[in-house]
Amino acid sequence: MSAATQEGTRWVGQGVLRKEDPELVTGQARYIDDLTLPGMVWMTVVRSPHAHARIVNVELESALARPGVVVAFSGEDLASEFAAGLPCAWPIPTTHWPEPFDSDPRMPTHWPLARDKARFAGDGVAVLIADSREHARDAAESIVVDYEPLEPALDLEAAAADGAPVIHEDLGDNRCYTWSLSGGEPEQVFLSSPVLVHERYVHPRLVPNAIEPRGVLVQPVAAQGEFTIWSATQIPHILRTTLALTLGIPESKLRVIAPDVGGGFGSKLNVYAEEVLCLAVARRLGRPVKWIEDRSEAYVATIHGRGVIQDIELAATEEGKLRGVRVKLLADMGAYYQLVTPGIPLLGAFLYGGVYDIEAYHFECTGVLTNRTPTDAYRGAGRPEATFAIERAMDALAHRVGKDPAEIRRLNYIPPFDEPHPIAAGLQLDSGNFVAQLDRALELVGYDDLRKQQHARRESHDVKQLGIGLSSYIEMCGLAPSQVLAALNYVAGGWDAAVVRCHPTGKVTVVTGTSPHGQGHVTTWSQITADRLGVTPDDVDVLHGDTAISPLGMDTYGSRSLSVGGVALWHATGKILDKAKTIAAHELEVSEEDLEWREGAFRVKGAPDKAKTVPEIAFSAWTAHALPEGVEPGLEATSVWDPPNFTFPSGTHVCVVEVDTETGESEILRYVAVDDCGEVINPMIVDGQVHGGIAQGIAEAMYEEAVYDEAGNLVTNSMLSYRVPSAAELPRYETDRTVTPSTTNPMGVKGIGEAGTIASPPAVVNAVADALIPLGVTAVDKPVTPERVWRAIRAVKEQSAKEAT
């Protein structure tokens, strides 16, 4: 039983309406583009049209004569502003986990503006400052950059090969690192197993499309050498520290504010050149500087996600019992490292065995530089790639041994467990019951009946074939603990912080180190606090996203907010209760052992009418008229929580599609998701996160793909060419949950923000592939567009016709 249940839940577990929503739906929210300061000027960035080119000369004079222009700078002009290049918090050296690193990380230097070469189409080469956004854009067109085009390295495998065009000459080649881990005896297992399955999967790059593009506003206070930075960021605390390091400004002189942020999905988990440039220019000019990204810029200048080639091998018995998993990855880093670029594949490195009970495991990843936009975290970050590989391969194994996809999974699941469970990859999973998730998902979708319908369509050679796709996933989230992150060469910690202040009026202020951008932290943190302290959610204010108000924090990403920041809040309220109990015992003239916390108050055992609430005690602590000896006035507590382990949400999703075999068009008829995120704080918010995640995963499976031409130009460079589905293209979702409380934290919580995006791509692609089995199609790549499916069907028909003649 969870701690919340033991204390008598009133608010946790309830579908409380989001407290954040009124200002959002009434237009009272304030985003970066709503902010204006006296004397403010606008910055625009001039970007390279070439994927790989030497910068011969940057001519600014013509632009300086244009109306409204204040100043313009090349990369060389601003070089003295920077104490270091843009930061990478996760440099990965070549090593075999968990052995000590045998080399220093190979780190490409990334200046905010390119000086010697442009290394991708979109690389910033100059900035122009003007009195308005329009003047800045117009004048920037007059900046003349003389380029010497160079051969680009675009194809991932070709870029990794000897003789490829070298992107960073000081590194010698484009291979960044090779990182590996092993568990058990993979070589022996593969040699002794009668069934081997080898699959190759290509994950195209994805372009994040947050509703709000990025934006930055910097206000300098020259006399004090202080700066306030407003940024559409997920990481105000990390941004403050990295800006201090990059520009040589004392951290105490920087205040970073993340106002309302219109979505991030990992793309705003970064320190971008434009943030650094705005601060550098504001320092030089002594004036507020603002930059707002337009959508076409976002496609080339904000990070991309995915970009991985996977070779996965399964070793199994003749009946399909999985024994070992072996994986090799090539991961596209792009032209530079962003904040955590090289570490993203490692977030999935331990999970290619999925939810399956295996003896042996081997993973190897080689990071490769290319002349494309840098990659970095995108919703799921490494976990969707791992889940896609193992879940597609499990269907291949099922087909190989003649078993149903549900049967092959049931045969291989790790048995239910509620204590930490070791796996071959070296992790300790916290809790799980994967069979229960599968059973519930199959029940909801009516699996047996669907298989009968599918058989009937196959027998009748129906033009529209039915496909059923399964995906059982597990994810590693709640990025922590700090000591493990250190062993992975991650330079930051995995802790987070919370402060709780109980005011004499009975209200409570919570200050959190997490920084929400749509996740509903204000509501859920209010629910947790209300239950813990015997107040209502309306009595709780939650402050966040401002380093002057919340100086301690590690921010929001990787489904860590609740299991780290929320647990920090749980511990802080525990400290409040400890102090309140001491004061209550003094005022009620009993010992602390005579008190119990029940129904929102400290009550005397055997005389429950004699009681003190936390608001009453907060008033006593404020007046300080009769406090116990040694007890300080006020009722406030701080807690910093560093978890002992990650958390491991899991689940099974089922997708049902209808594929038109004449056109290649696929339509999702049903989508069922059964997830386990541990104890649930607010089921409405959980459902919302699952719905949004599935939408992004379906988009990845069926629509989205960043395509480059041979010169390195992004062809899918706007919403006209990059397909993002609307609500009209998406199905109705059927969601349910199982609950296995996490053993990592006292709340039993896990995480849910990325689950849908992790689970849905293999469920959708497995469904489409399942529909194509009668036609002899054995492989289909994502996105499973109508053209790609049609071409796969046509290729089989042409091959059959050729063999017949």
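Evaluate the stretch 22-40: report whether one residue or more is crowded, with 19+ Cβ neighbours inside 10 Å and outside any helix (DSSP H, G or I). Can you show your working first?
So the first thing to find is which residues in the stretch 22-40 are crowded, with 19+ Cβ neighbours inside 10 Å, and the list is 32.
Imposing the further condition that a residue be outside any helix (DSSP H, G or I) reduces the set to none.
Within the stretch 22-40, not a single residue is crowded, with 19+ Cβ neighbours inside 10 Å and outside any helix (DSSP H, G or I).
Listed here are the residues, each with its yes/no results for (1) at positive phi; (2) under 20 Å from the mean Cα position of the chain (by Cα).
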{"site": "Val674", "(1), (2)": "no, no"}
{"site": "Gly678", "(1), (2)": "yes, yes"}
{"site": "Asn682", "(1), (2)": "no, no"}
{"site": "Ile685", "(1), (2)": "no, yes"}
{"site": "Gln689", "(1), (2)": "no, yes"}
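Can you give me the ranges of the helices (runs of 4 or more DSSP H) entirely in the stretch 411-524 with at least 3 residues that are more than 25 Å from the chain's Cα centre (by Cα)? I'd like the intermediate steps shown before the answer.
Numbers: elements: 434-445, 447-459, 482-487.
Passing ranges, in order: 434-445, 447-459.
Pick from Pro105, Pro93, Pro149: which is over 30 Å from Thr178 (Cβ atoms) and either of a type in the set (Gly, Ala, Ser) or surrounded by fewer than 21 Cβ atoms within 10 Å (Cβ to Cβ) (or both)? Write out each step before concluding.
Numbers: Pro105 fails: over 30 Å from Thr178 (Cβ atoms); Pro93 fails: over 30 Å from Thr178 (Cβ atoms).
Exactly one of Pro105, Pro93, Pro149 is over 30 Å from Thr178 (Cβ atoms) and either of a type in the set (Gly, Ala, Ser) or surrounded by fewer than 21 Cβ atoms within 10 Å (Cβ to Cβ) (or both), namely Pro149.
Do you know which of the residues in the stretch 535-545 that are closer than 13 Å to Pro516 by Cα and out of contact with any Pro (no Cβ under 7 Å at 6 or more places or on another chain) is least open to solvent (accessible area, probe 1.4 Å)?
In the first step, residues of the stretch 535-545 are kept if they are closer than 13 Å to Pro516 by Cα; the result is 542-545.
Now restrict to residues that are out of contact with any Pro (no Cβ under 7 Å at 6 or more places or on another chain): 542-543.
Working: Val542: 16, Leu543: 66 Å².
Going through the qualifying residues, I end up with Val542.
Name the residue, out of Ala121, Ala161, that is buried (at least 20 other Cβ atoms within 10 Å of the Cβ) and out of contact with any Asp or Glu (no Cβ under 6 Å at 6 or more places or on another chain). Outline the logic, then answer.
On the way: Ala161 fails: buried (at least 20 other Cβ atoms within 10 Å of the Cβ).
It is Ala121.
Report, ordered by the first and then the second residue, all pairs with beta carbons closer than 7 Å, sequence separation of six or more or different chains, a first member in the stretch 187-209 that is of a type in the set (Val, Ile, Thr), and a second member that is assigned to a helix (DSSP H, G or I).
Final answer for the pair search is Val195/Arg400; Val195/Val401; Val197/Ala393; Val197/Ala396; Val197/Leu397; Val197/Arg400; Val207/Tyr299.
When you go through Val780, Val739, Val765, Val784 one by one, which is the residue that is touching a Lys or Arg at 6+ places or on another chain (Cβ under 8 Å), in a loop (DSSP other than H, G, I, E, B) and not acidic (Asp, Glu)? Show your work before the answer.
Values: Val739 fails: touching a Lys or Arg at 6+ places or on another chain (Cβ under 8 Å); Val765 fails: in a loop (DSSP other than H, G, I, E, B); Val784 fails: touching a Lys or Arg at 6+ places or on another chain (Cβ under 8 Å).
Testing whether each residue is touching a Lys or Arg at 6+ places or on another chain (Cβ under 8 Å), in a loop (DSSP other than H, G, I, E, B) and not acidic (Asp, Glu) leaves just Val780.
Suppose we filter the stretch 65-95 for residues that are within 16 Å of Arg137 (Cβ to Cβ) and part of a strand (DSSP E or B); how many remain?
Total satisfying the criteria: 4.
So is Trp291 open to solvent by 10 Å² or more (accessible area, probe 1.4 Å) and assigned to a strand (DSSP E or B) or not? Lay out the reasoning, then the answer.
On the way: open to solvent by 10 Å² or more (accessible area, probe 1.4 Å): no; assigned to a strand (DSSP E or B): yes.
Judged against the criteria, Trp291 is not a match.
Within 29 Å of Tyr299 (Cα to Cα), among the hydroxyl-bearing types (Ser, Thr, Tyr) and either modelled with pLDDT of 95 or more or exposed (fewer than 13 other Cβ atoms within 10 Å of the Cβ) (or both): is that true of Ser48 in this structure? Steps first, please.
Numbers: within 29 Å of Tyr299 (Cα to Cα): yes; among the hydroxyl-bearing types (Ser, Thr, Tyr): yes; either modelled with pLDDT of 95 or more or exposed (fewer than 13 other Cβ atoms within 10 Å of the Cβ) (or both): yes.
Yes; evaluated as a whole, the condition is true for this residue.
How many residues does the stretch 253-272 contain that are in contact with a Lys or Arg (Cβ under 9 Å, 6 or more places away or on another chain) and not in a loop (DSSP other than H, G, I, E, B)?
3
Does Leu206 count as open to solvent by 50 Å² or more (accessible area, probe 1.4 Å), of a type in the set (A, V, I, L, M) and farther than 30 Å from Val71 by Cβ?
Values: open to solvent by 50 Å² or more (accessible area, probe 1.4 Å): no; of a type in the set (A, V, I, L, M): yes; farther than 30 Å from Val71 by Cβ: yes.
Here the answer is no, as Leu206 does not meet what is asked.
Okay, residues lined up against (1) open to solvent by less than 10 Å² (accessible area, probe 1.4 Å); (2) in contact with an Asp or Glu (Cβ under 8 Å, 6 or more places away or on another chain); (3) free of Cβ contacts under 8 Å to residues at least 40 places away in the same chain:
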| site | (1), (2), (3) |
| --- | --- |
| Pro345 | no, yes, no |
| Leu351 | yes, yes, no |
| Leu369 | yes, no, no |
| Thr387 | yes, yes, no |
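Could you tell me how many of the residues in the stretch 211-238 are within 30 Å of Ala699 (Cα to Cα) and free of Cβ contacts under 8 Å to residues at least 60 places away in the same chain?
Residues that pass the stated criteria total 1.
Here is a yes/no grid of residues against (1) acidic (Asp, Glu); (2) open to solvent by 70 Å² or more (accessible area, probe 1.4 Å):
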position	(1), (2)
Asp404	yes, no
Arg410	no, yes
His421	no, no
Leu427	no, no
Ala441	no, no
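Of the residues Ser103, Ser62, Ser142, which single one is hydroxyl-bearing (Ser, Thr, Tyr), farther than 20 Å from Gly286 by Cα and either in contact with a Cys (Cβ under 8 Å, 6 or more places away or on another chain) or not in a loop (DSSP other than H, G, I, E, B) (or both)? First the steps, then the outcome.
Details: Ser103 fails: either in contact with a Cys (Cβ under 8 Å, 6 or more places away or on another chain) or not in a loop (DSSP other than H, G, I, E, B) (or both); Ser142 fails: either in contact with a Cys (Cβ under 8 Å, 6 or more places away or on another chain) or not in a loop (DSSP other than H, G, I, E, B) (or both).
It is Ser62.
Give me the residue from the stretch 712-736 that is in contact with a strand residue (DSSP E or B) (Cβ under 7 Å, 6 or more places away or on another chain) and either of a type in the set (Val, Ile, Thr) or in a loop (DSSP other than H, G, I, E, B) (or both) and, out of that set, surrounded by the most Cβ atoms within 10 Å (Cβ to Cβ).
The initial filter retains those residues of the stretch 712-736 that are in contact with a strand residue (DSSP E or B) (Cβ under 7 Å, 6 or more places away or on another chain), namely 714-715, 731, 733-736.
Filter once more, so that each one left must be either of a type in the set (Val, Ile, Thr) or in a loop (DSSP other than H, G, I, E, B) (or both): 715, 731, 735.
Values: Val715: 10, Pro731: 16, Thr735: 19.
For the stretch 712-736, the residue satisfying everything is Thr735.
What about Gly574, is it open to solvent by less than 20 Å² (accessible area, probe 1.4 Å) and either modelled with pLDDT under 95 or outside any loop (DSSP other than H, G, I, E, B) (or both)?
Working: open to solvent by less than 20 Å² (accessible area, probe 1.4 Å): yes; either modelled with pLDDT under 95 or outside any loop (DSSP other than H, G, I, E, B) (or both): yes.
So Gly574 fits the description; yes.
The values are calculated or read from the model by the stated rules, or taken from the named source; none is laboratory data. Computed from a predicted structure; not experimentally measured. Using ideal geometry, Cβ is built from the backbone for each residue, glycine included, and neighbour counts are taken over all protein chains shown. For the accessible areas, the whole protein counts, side chains as well, though only heavy atoms, and no ligand, DNA or RNA atoms are used. Shrake-Rupley method; radii C 1.70, N 1.55, O 1.52, S 1.80 Å.
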